[in-house]
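*Asks:* Mind having a look at this structure? Questions to follow.
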Amino acid sequence: MAVPLYRPSVGIVGSKVMSWNGFRFVEGAFIAFRRELANSIAIDGKIFDEQFEFTCEEVDFCRRIENSGHELLAVDIESQGFATHLHHGTLCWSNEEGGWNGKSILNVMHDSRKKLCRKYGLPERVDD
């Protein structure tokens, strides 16, 4: 994953480049980026915008990277290995299963998507 980052035009590398509601982003499970580039777009010294609890932070980060003139790049890493999640903490969908800070994961995702859309002046979609 790191090799493409030596090209000055590349900002973020990951397994997939996805899109949603006008946003292009690298799927957030495995990403690589140059720290100096991330620091150059940091907000108040923070690389990721902390208003997003656990979803949309990578989408916002990718938007800021692209706005700085750098590209998002997908590389085939899935055929080179695998990762196993031993616990499913953030994947609990309801409060009964744990949720996220006492809230349904679905509600947290919808709230984060609305915040992201508001930040960039886009329609507040949460339906996909």
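The values are calculated or read from the model by the stated rules, or taken from the named source; none is laboratory data. The shown structure was predicted, so the numbers you read here are calculated from the model rather than taken from an experiment. No Cβ is skipped: glycine too gets one built from the backbone with ideal geometry, and neighbour counts run over all protein chains shown. Just the protein is used for accessible areas: all its heavy atoms, side chains included, with ligands, DNA and RNA removed. Shrake-Rupley method; radii C 1.70, N 1.55, O 1.52, S 1.80 Å.
*Asks:* What accessible area, in Å² to the nearest ten, does a 1.4 Å probe give for Phe33?
*Replies:* 60 Å²
*Asks:* Here is a further query. Taking the square root of 5 times each eigenvalue of the Cα gyration tensor, what semi-axes in Å does the equivalent ellipsoid of region 1-72 have, largest first?
*Replies:* 17, 15, 11
*Asks:* Residue separation times 0.36 nm, minus the C-alpha to C-alpha distance between Ala74 and Arg125: what's the value?
*Replies:* 15.9 nm
*Asks:* Hey, can you find the accessible area per residue of region 9-64 for me, probe 1.4 Å, expressed in square angstrom?
*Replies:* Here the per-residue accessible area is 47 Å².
*Asks:* With a sphere of radius 14 Å drawn around the Cβ of Glu27, what net charge do the other residues whose Cβ falls strictly inside it have (Lys, Arg +1; Asp, Glu -1)?
*Replies:* Local charge sum for Glu27: -2.
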